[in-house]
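Comments concern the structure below.
The values are calculated or read from the model by the stated rules, or taken from the named source; none is laboratory data. Just so you know, these numbers come straight off a predicted model, no measurement behind them. Cβ: placed from backbone, ideal geometry, glycine included. Neighbour counts: every protein chain shown.
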Amino acid sequence: MPDTAPTDIRAHLEGANPVPLAMALIHLTGDLSLLEQIAPHVRGAWEHLESIPPELASSIRDRMATCLKDINATQTPVMAAPSSQIIQQMMSTAVGEAVSEAYVPMLLEQVGLRVSDQHMLHAEDPPEAQASPKHAQAFKPNRHPFEVAIIGAGASGLCAAIQLKKLGIPYTIFEKNDEVGGTWYENRYPGCAVDTPNHFYQFSFEPNNNWPNYFSQRDAIQAYLQHCADKYEVRSHVHFNTEVSSAVFNEETQTWLLHSTDKTGQSHTKEANAIICAVGQLNRPAIPKLPGLSQYEGQVVHTAAWPEHLVVKDKKVALIGTGASAVQVGPAIADQVASLAVLQRSGSWVVRRPNIDGVVSEDTKWVLNNVPFYAPWYRFQLFWAFGDGLFEALKIDPTWEGGSESISAFNARLRESMMKHIRRELAGRDDLLQKVVPDFPPFGKRVLGDSGWYKMLKRDNVRLETAAIKQVHARAVELDDGTIIEADILVMATGFQAGRMLWPMDIQGRGGVTIREKWGDDDPRAFLGITAPEFPNFFMMYGPNTNIGHGGSALFLAECQSRYFMGLIHALNTQNIRSVECRQEVHDRYNDEIDSLLSKLSWSHPAVSTWYKNAKGRIVTNQPWSLLDYWRLTYEAQLSDYHQVR
């Protein structure tokens, strides 16, 4: 605690959310009666910002101010390491619903708390480590040199690099851009921001209590990733402006040979014992094949490749798509353009998210940085509200009769909450209401945050069109219903070639088999989304069936995956093992299981058509797991799942 006057402390505490503040107070005082005081007022993780009565919130802040003064002088926390049972009780109270004890170890790891009894999982403990990196410092590598190649320096690549450094394993990163950051470096369209709260969208090992916004803009996230690269000394390992064109496995040496080209056109080769492919799913823009597009005389822009000096002021703009980037870029440019025509193929669920435009106050930053235990509990609430607290909404109830509107009672309740927001935002505009409400259940596609989307649609210079595009002309777009949209700029908010993973790289595994031969153009499969048969020592991040469809954080996913394959890399580096290759039966059994589970979730509903599916209707991007499920599945690698060459 800093040496701050009591009156200043109490003033700063106005920036604290009373629920995580109460949890921090329990740690400091041991007073569990606080749980009984707040429990009647917490009706869910979403509503905690407004649900605590002002007098109770003030009382909690008063007590914390006094407590901090006492701690500053003499005391230490009473409950620095509560039992798992108490933590579970606190978690359940904090979000207004029962949180299973099984969640306790994962959430403690993610938010940075500790408990006194570390074996709370009992019979459901993660299995004994066969390939664990946990005690890496106790071993010395038995084979030199051992080096890993990482393809991509985005969030996933940085996470992997940082973990390799902790293991003391040399690595080289190949990055096609001239800076780290990946998608956050490349995406620069107006309004680009994260749609997961930043205090959740961060590495658990590198928490940031100084985010400028609750849902920060692109620049702040890019700065955070650059900070991580600098703090953990990653940059010296990166070959910037260098794109990997192919990687070929050598069965004789059990190593990979990577071929790359730098910005001057010069070719390079690099041998590595293992490859971590961190290029993800969303890195190659998808441009629709519109009739006449090649004859268009205006400017065509994809949101993922926004020109730095593009001028939209007083221009006629046609925005094609209503997905994640569209609902951000539209409101950001609507007050600048002469006209904005939004061309919608299907509506999206665009919902209210508390603080989506909120600036984090200096008092709130002070609380996050100075009140013991507050930041972890605040992160826990976000973790639940934007993660597994929503997982049940994905499950199709076969007895439910909600038609195309919903898939279960819980899903229907969420739909009605979403509808209330839409009706409120579009009051008096029934014409728009009829167009924007999706004809599929919530979570059939990605649920988006409303950062001014509906307000934008009501502007005089904005029009929403739902007819299909028939033809692109020299300076206009013609729709199927005969409508002509004049446009100086076509903005393609049309997503990515998500199913064509790892393209355009040529990845050749054992026996010369290529990844394209195995996957085709749109049917990628992998064990845990990480490894595939016939591709030894090749580890994917954000690979097939790992997209989190109900919420969560891509950085959480990166930590799960890197922990998993670090166990395998540690085994390769310390045991008499030259390569590990996923067993075909393990791979096939896993993919059969996820296909079965996915058929029971919202994305498989007959009313849903989405980029999550390939041409044959198989879901290739999303995982069927809760965050807890995937955390447990990737907790430790089992060498028995792999063929080993020694």
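Annotations for the structure displayed:
- Given (1) surrounded by fewer than 22 Cβ atoms within 10 Å (Cβ to Cβ); (2) over 19 Å from Asn283 (Cα atoms), number of the condition Ser579 does not satisfy: (1)
- Single condition Asp595 does not satisfy, out of (1) at pLDDT 95 or above; (2) within 22 Å of Phe443 (Cβ to Cβ); (3) touching a Ser or Thr at 6+ places or on another chain (Cβ under 9 Å): (3)
- The condition of being at pLDDT below 95 and either over 29 Å from the mean Cα position of the chain (by Cα) or closer than 26 Å to Trp603 by Cα (or both) holds for only one of Ser451, Ser408, that being Ser451.
- Meets criteria (out of contact with any Pro (no Cβ under 7 Å at 6 or more places or on another chain), more than 21 Å from Pro285 (Cα to Cα) and of a type in the set (Ser, Thr, Tyr)) for Tyr214: no
- Considering the conditions (1) more than 19 Å from Tyr642 (Cβ to Cβ); (2) in contact (Cβ under 8 Å) with a residue 40 or more places away in the chain, Leu597 is excluded by exactly one of them, (2).
- Any hit, the range 221-234, residues being among the small types (Gly, Ala, Ser), out of contact with any Lys or Arg (no Cβ under 9 Å at 6 or more places or on another chain) and in the same structural domain as Phe539 (by TED's automatic domain parsing): yes
Residue-wise test of (1) closer than 30 Å to Ala161 by Cβ; (2) surrounded by fewer than 15 Cβ atoms within 10 Å (Cβ to Cβ); (3) of a type in the set (Gly, Ala, Ser).
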residue	(1), (2), (3)
Lys445	no, no, no
Val462	no, no, no
Thr466	no, no, no
Ala476	no, no, yes
Leu502	yes, no, no
Pro533	yes, no, no
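Per-residue answers, yes or no, for (1) at pLDDT below 95; (2) polar (S, T, N, Q); (3) within 18 Å of Tyr378 (Cα to Cα):
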position: Thr4; (1), (2), (3): yes, yes, no
position: Pro40; (1), (2), (3): yes, no, no
position: Gly44; (1), (2), (3): yes, no, yes
position: Glu50; (1), (2), (3): yes, no, yes
position: Met91; (1), (2), (3): yes, no, yes
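- Of all residues in the range 90-108, exactly one satisfies the criterion of being assigned to a helix (DSSP H, G or I), surrounded by fewer than 19 Cβ atoms within 10 Å (Cβ to Cβ) and not small (Gly, Ala, Ser), namely Glu101.
- Counting only helices (runs of 4 or more DSSP H) wholly contained in the range 364-480, the ones carrying 2 or more residues that are of a type in the set (A, V, I, L, M), touching a Pro at 6+ places or on another chain (Cβ under 9 Å) and outside the structural domain of Ala16 (by TED's automatic domain parsing) occupy 409-425.
- Candidate set from the range 407-435 (those that are over 18 Å from Arg43 (Cα atoms) and of a type in the set (S, T, N, Q)); member that is surrounded by the fewest Cβ atoms within 10 Å (Cβ to Cβ): Gln434
- So Leu432, is it farther than 14 Å from Gly347 by Cβ and not aromatic (Phe, Trp, Tyr): no
- Only one of the numbered conditions (1) surrounded by 23 or more Cβ atoms within 10 Å (Cβ to Cβ); (2) more than 22 Å from Thr253 (Cβ to Cβ); (3) in contact with a Phe, Trp or Tyr (Cβ under 6 Å, 6 or more places away or on another chain) is violated by His587, and that is (1).
- Considering the range 547-586, the residues that are of a type in the set (S, T, N, Q), out of contact with any Pro (no Cβ under 7 Å at 6 or more places or on another chain) and at pLDDT below 95 include one that is farthest from Trp384 (Cα to Cα), namely Asn576.
- Checked against the criterion of being at pLDDT 65 or above and closer than 28 Å to Gln163 by Cβ, the range 116-134 has no qualifying residue.
- Condition met for Ile9 (surrounded by 14 or more Cβ atoms within 10 Å (Cβ to Cβ) and at pLDDT below 90): no
- Qualifying position, being more than 25 Å from the chain's Cα centre (by Cα), in contact (Cβ under 8 Å) with a residue 40 or more places away in the chain, within 27 Å of Cys159 (Cα to Cα) and not assigned by TED's automatic domain parsing to the domain that holds Gln344, among Pro533, Pro544: Pro533
- Extreme residue, surrounded by the most Cβ atoms within 10 Å (Cβ to Cβ), among residues of the range 222-235 that are in contact (Cβ under 8 Å) with a residue 40 or more places away in the chain and part of a helix (DSSP H, G or I): Leu225
- Inclusion of Phe539 among residues that are in the same structural domain as Ala272 (by TED's automatic domain parsing), touching an Asp or Glu at 6+ places or on another chain (Cβ under 8 Å) and at pLDDT 95 or above is not warranted.
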